[in-house]
1. If each residue of separation counts as 0.36 nm, what is the full-extension length gain between Leu221 and Leu165 once their alpha-carbon separation is subtracted?
2. Nearest 5 percent is fine: what portion of the DSSP beta bridges confined to the stretch 78-203 is antiparallel?
3. What is the dipole size for the stretch 148-250, taken about its Cα centre, with +1 at each Lys and Arg Cβ and -1 at each Asp and Glu Cβ, in debye to the nearest 20?
4. How much FRET efficiency would the formula 1/(1 + (r/R0)^6) give for Thr51 and Met324, where r is the Cβ-Cβ distance and R0 is 22 Å, rounded to 0.05?
5. Would you work out which of Ser84, Gly255, Val240 lies farthest towards the positive end of the dipole of the chain, given +1 charges on the beta-carbon of Lys and Arg and -1 on that of Asp and Glu, about the Cα centre?
6. How do the peptides 185-195, 96-106 rank, highest first, by the average count of neighbouring beta carbon atoms within 10 Å per residue?
7. Taking Cα centroids, how far is the stretch 303-362 from the stretch 222-276 in Å?
8. How big is the charge dipole of the stretch 21-175 about its Cα centre, in debye rounded to the nearest 20, if each Lys and Arg gets +1 on its Cβ and each Asp and Glu gets -1 on its Cβ?
Amino acid sequence: MLFKCGSSDPAYQDALTDITPIRRQRGSAGQLHIDVHCHVVSEKAAKLAGTPPRPKDDPFVFFSSQDTKAVSASHAKITAPKMSSLEQRLADMDYMGVDIQVVSTSPFQYFHWTEPELGAELARIVNDNIADMAAHESGRIVGVGTLPMQDPLASQGELERCIQLGFKGIQFSTNINGEELASEKFHKLYRRMEEAQMVMFLHPNGYTDGARLSKHYLNNLIGNPLDTTVAVAHLIFDGVLDKVPGLNICLPHAGGYLGAYPGRFDHAYCARPDCRRHASKLPREYLKKMFFDTIAFDRGQLEALVEQWGPDHVVLGTDYPYDMGDDDPVGAIDQLRITEEEKIKIRGANAAALLRLRAPKD
């Protein structure tokens, strides 16, 4: 089963991208379809970790109404098998016309709330699971690692192991137990990633102060893009990106609110000295080096994203296998009113260049 919108309103359907599941053709060797945003769960890690001892350690669950929790539990019955079954994953990839998935952990398996020693063990288990998936498929699964960020020193060791495992990047939560990614304690990790040409993938797990977002799944609908926006704002305004100018960053959910609203950042930079004490240039100059996935659910918004940041900086994403994902990413790109050359870039050429990928053997 693939999730799709049930609304029959013609105006609404016209505004949405075509998300009705249709079997799509995979790309050719020179025109790959690469999904940079999809998730996996390690059952072994879940059993070892247990549940957070303090409910607020998982803001997404903590700031969810009973109705939201009930719907999420129902949907989890559909997504859970897809998280662990490689056979089901490959079948869904074929159906969607995806040649390669760039796989990262589900955000609830960051495990940053655990004690450092356990967190390091859990990160190893999660990464080994992803590496095993990649090893069993001839190039169709590409790994992105996770780090025990509650312990920066242990994270340095696990980063080296991720490099040895052949991972193409690291996925970071948009905050570490409420602490910003811009914190100086993490800078050494970013410098090493820049040196190793590893991509920094950001992915939120709800907003840290989501008391007003508990109903209607708002801590996902609003909270996720908001936390991404806050995290990147700190990386820019705290001057972190000046220290690692070669670090490539990929943003989920079409970049959160950043993709459509850079002007306010630029205005503040010009109008207020406290917004330019550490950053050496307009925020837009940092943003235009980043990569934005296609999960916008709206043709006009996705076209605006391409126009704003260029077809070279938009990459296909699905958020597989979640209900807030795009089950027809190739169709969403096909209907854009842009050139075929630009569509080829977004479907996979941009991701292939960013991650230095080759076509699968099959």
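Any read-out appearing in this document is the output of simple, stated calculations on the displayed coordinates, not a laboratory observation. A quick note: this is a predicted structure, and the numbers were derived from the prediction, not measured. Glycine also receives a Cβ, built like all others from the backbone with ideal geometry; neighbour counts cover every protein chain displayed.
1. Stretched out fully, the Leu221 to Leu165 stretch lengthens by 16.8 nm.
2. Numbers: 1 of 9 bridges.
Here the share of antiparallel DSSP bridges comes out near 10 percent.
3. That gives a dipole near 220 debye.
4. 0.45
5. The one lying farthest along the dipole's positive direction is Val240.
6. 96-106, 185-195
7. Centre-to-centre (Cα) distance: 22 Å.
8. 460 debye
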